[in-house]
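Enquirer: Structure provided below as structure tokens; questions to follow.
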Amino acid sequence: MNLYYHIFWSTVLILASILTTNKTTLASAKNTSLLIDSNNNNSYKILVEQAENLAKNKINQEFKNNPEITEITITILGERQSQIVPILRSKISRAEWQKNAEIDNLTRYFADAKYLLNFDSETTPKTQPKTPESSPQIPAPPPPSPDTQPIVPQPQKSPQRQPTSKPPIFPSDEDDPKEIDD
């Protein structure tokens with residue numbers, strides 16, 4: 001009887017540890033990446049606002065639909081003119097989200113995305129082309145008078161010089177005093 005008692009409780013404890021281990025592994029973090037097509041946007045500021053709204057909605061949806069998730073990392077990518085660049089990345093836990101459903105303080109914004117997606121041309125109007133800076137004007141030389149003939153320099157013959165360098169001299173076995181023939 002005592003043997004069956006020990007086998008029973010051993011089996012119960014093993015099953016209980018397996019069940020609690022599975023519950024612990026279900027609580028996890030989730031990584032998500034989403035893509036926004038920004039070809040129709042004319043402003044980087046509007047693109048960032050769209051990315052923030054998309055991130056908030058996705059985080060809210062994931063925490064609402066999956067109670068096992070304890071933390072979410074979401075990356076919003078922007079696509080424009082065949083360039084795909086990260087715009088923002090937010091990492092937030094369920095506890096932080098329940099305290100404050102804003103992602104501003106927990107988000108990393110990628111500042112170079114503006115330039116990589118070619119939004120840097122927002123500051124210059126597209127209707128006016130850039131004009132190159134004008135170089136200083138140098139006056140042209142006066143035209144030659146009809147009485148003078150142009151002087152054309154003639155090449156002068158210089159005497160042929162002999163090369164001053166000598167060919168290299170390589171030592172031979174016979175010239176080396178350190179080598180001794182036996």
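The values are calculated or read from the model by the stated rules, or taken from the named source; none is laboratory data. Remember, predicted model here, so these are calculated numbers, not experimental data. Using ideal geometry, Cβ is built from the backbone for each residue, glycine included, and neighbour counts are taken over all protein chains shown. These accessible areas exclude ligands, DNA and RNA; they are computed on the full protein's heavy atoms, side chains included. Shrake-Rupley method; radii C 1.70, N 1.55, O 1.52, S 1.80 Å.
Enquirer: What is the local net charge at S28, summed over the other residues whose Cβ is closer than 9 Å to its Cβ (Lys, Arg +1; Asp, Glu -1)?
Expert: Net local charge, S28 excluded: -1.
Enquirer: How much length, in nm to one decimal, is gained on full extension between Q81 and W9, taken as 0.36 nm per residue of separation minus their Cα-Cα distance?
Expert: 19.3 nm
Enquirer: So who's got an amide H within less than 5 Å of the one on L88, skipping anything under 5 residues away but keeping other chains? H placed 1.01 Å off N, in plane.
Expert: Those lying under 5 Å, H to H, from L88 are I76, F110.
Enquirer: For K166 and N31 in the same chain, what is the full-extension length gain: residue separation times 0.36 nm, less their Cα-Cα distance, in nm? Display every interim value, and only then the final one.
Expert: Working: separation 135, 0.36 × 135 = 48.60 nm, distance 7.34 nm.
Going from the current span to full extension adds 41.3 nm.
Enquirer: Leaving out ligands, DNA and RNA, and with a 1.4 Å probe, what % of the accessible surface on segment 35-127 is carbon or sulfur?
Expert: The computed percentage sits at 45.
Enquirer: Another question, then. I need the shape label for segment 38-103. Rule: rounded when a/c is under 1.5, else prolate if a/b > b/c, else oblate, with a, b, c from the alpha carbon gyration tensor. Could the numbers behind the result be given before it?
Expert: On the way: a/c = 2.86, a/b = 2.28, b/c = 1.26.
Because a/c hits 1.5 or more and a/b exceeds b/c, segment 38-103 counts as prolate.
Enquirer: Label T20 and N53 with points 7 Å out from Cα along Cα→Cβ: what is the distance between them in nm?
Expert: It works out to 4.7 nm between the two label points.
Enquirer: Write down the percent of antiparallel bridges among all DSSP beta bridges whose residues are both part of segment 24-83, to the nearest 5.
Expert: Antiparallel bridges make up about 10 percent of those DSSP assigns within segment 24-83.
Enquirer: Which links in K30/K58; K64/K114; K45/K114; K56/K99 stretch past 21 Å when you go from one Cα to the other?
Expert: With Cα atoms farther than 21 Å apart: K64/K114.
Enquirer: Follow-up question, since we're still on this one. Amide H neighbours of T32 under 5 Å, counting only residues 5+ apart in sequence or on other chains, H built in-plane at 1.01 Å?
Expert: For T32, whose amide H was placed from the backbone, the distant partners under 5 Å are T73, I74, T75.
Enquirer: If you don't mind, another one. Skipping prolines and chain starts, which residues have an amide H placed within reach, meaning under 5 Å, of the one on I69, given they are 5 or more residues away or on another chain?
Expert: S28
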